[in-house]
Amino acid sequence: MQEQTLKMFLFFSELLGRSVVNSKGEILGKLADLKVKLGELFPKVISLSIKQKRRKKELLELDWFEVERLTGHLIRLKPEAEKKLKPFIVNESEILLGEELLDKQVVDTHGAKIERVNDIHLLIVECDLRTVHADIGIRGIFRRLGWIRFIDFLTNWFFSYQIPEKMISWKYVQPLASDPFKKNLKLNVTLRKLHELHPSDLADIIEDLDPESRSRIFKSLDLPTAADTLQEVDPKLQLSLIESASEEQASDILEEMDPDEATDLLAGLPHEKKKKLIQTMEKPSRERLEELLKFEEGTAGSIMTKDYIFIQEDKTVGEAIEMVKRITHPLESIAYLYVTDQDNHLTGVLTLRYLLLCERETPLSKLMSPHVVKVKAEDDVRKVKEIFKKYKFMAIPVVDNDNHLTGIITLRDIVEATFRDF
């Protein structure tokens, strides 16, 4: 671009709709979009999409290299440039700034929320036009409406204030995944990667997305992150997300989830879908979930988890501590250690804190409290809630009619079950 300022910032909205003229000043059409090739930190605009009056439906393409300068409200081309116009095509590694990014959503992982791209900040460096920022502020909206000067005048006149720019650097905006739909959703990875967000924050982001983007971002998560996030989203949304995944991926995610959470989710699926997912699981997970699914909704058994710590009463403190150290899978609660006899009858309980303070040679039978507050799997959830309210426990063991330990209910389980009733 000759006679062009060495470096100049401008906005996509300021170029959109400009007349494209040849070296003689004849209008060839109007700028409909700009095509960018991905891969660089601040990718170059490689071509213009031009709309002509006589060819309303068909767009033409011209390399950005053929632009001589931007002058006034015109895009002036080099001599003979119009002879190089060609039908417009977009390849997989390219995006259209207007069609595929403008007004689309980006995930701000720093603020854990959804933002909308209102404009795109560009920089001319010598002959190249590069994308440098995604404008997510209200100034971008006013600029596109043509109101920005009026708004600035009003705010400066009345308040001595100007609405600030709010932008995301393009180096933090990357395609979500290498799939055919990657262009519809971009991610702002300012300070943290997506999988490093707290599952609750990630769930908030997913809930704010449209269904297509929601499914796409969920499928891009690694297995543990997907499982943790699925447990945090609204139950109705859980069903749509798990149904959008393949059977293999869905069963893997369910295996990663807390058993009681996975059971609740499975209970809401159609019978055939539920059956297929359970059959796809590894045997230990399948048997555990099948056992939990036997209990009626609204009972203690329907909300209990099979992940808990228990040990036989003839063991010592040292043996119990070593057993706890060997546990590698996450547990919903580590507040209590449940003690059983050789036939798995619940005989006592002690806190993990108390365990750590005692001599390693001490038998557990001498330390445990034999007076265990417990519930049966068939008990109503409302009864369980009253026990939590009365005793202020972090977890309560669940037993069968023969006093065999079958699971525990955590404080979180009963809180979630209570709020589901409203």
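Each value in this text was obtained by applying a stated rule to the coordinates, not by laboratory testing. Not measured: the values here are computed from a predicted model. Virtual Cβ from ideal backbone geometry, glycine too; neighbours counted across all protein chains shown.
For residue 376, what residues show an amide H to amide H distance below 5 Å, using hydrogens built from the backbone and excluding near sequence neighbours?
Result for residue 376 returns 399.
Just to be sure I understand: if I project the alpha-carbon convex hull of the chain onto a plane and average over all orientations, what area do I get in nm²?
Taking the Cα atoms of the chain, their convex hull projects to 29.3 nm² on average.
As a quick test, which of the pairs 294/390; 171/273; 57/171; 274/385 have an alpha carbon distance above 32 angstrom in this structure?
171/273; 57/171
How large is Rg/Rh for segment 194-294, to two decimals, with Cα atoms and a Kirkwood Rh?
Over the Cα atoms of segment 194-294, Rg/Rh equals 0.95.
Please get the size of the charge dipole for the chain, origin at its Cα centre, with Cβ charges of +1 on Lys and Arg and -1 on Asp and Glu, quoted in debye to the nearest 20.
That gives the chain a dipole magnitude of about 2480 debye.
Using the Kirkwood formula over every pair of different C-alpha atoms, what hydrodynamic radius in Å results for segment 270-422?
That comes to 16.6 Å for segment 270-422.
So how do 352-363, 313-324, 408-419 stack up, highest first, on mean other-Cβ count within 10 Å?
In decreasing order of mean packing, 352-363, 313-324, 408-419 become 408-419, 313-324, 352-363.
Past the 29 Å Cα-Cα mark, which pairs from 219/276; 276/383; 37/236; 275/306?
Flagged as over cut-off: 276/383; 37/236.
As a test of the definition: which semi-axes, in Å, follow for segment 7-97 when you take the square root of five times each eigenvalue of its alpha carbon gyration tensor? Largest first, please.
Listed largest to smallest, the semi-axes of segment 7-97 are 20, 16, 12 Å.
When we measure straight from the Cα of residue 24, which lysines land under 24 angstrom away, once same-chain ones fewer than 8 places off are left out?
51, 53, 56, 78, 83, 84, 86
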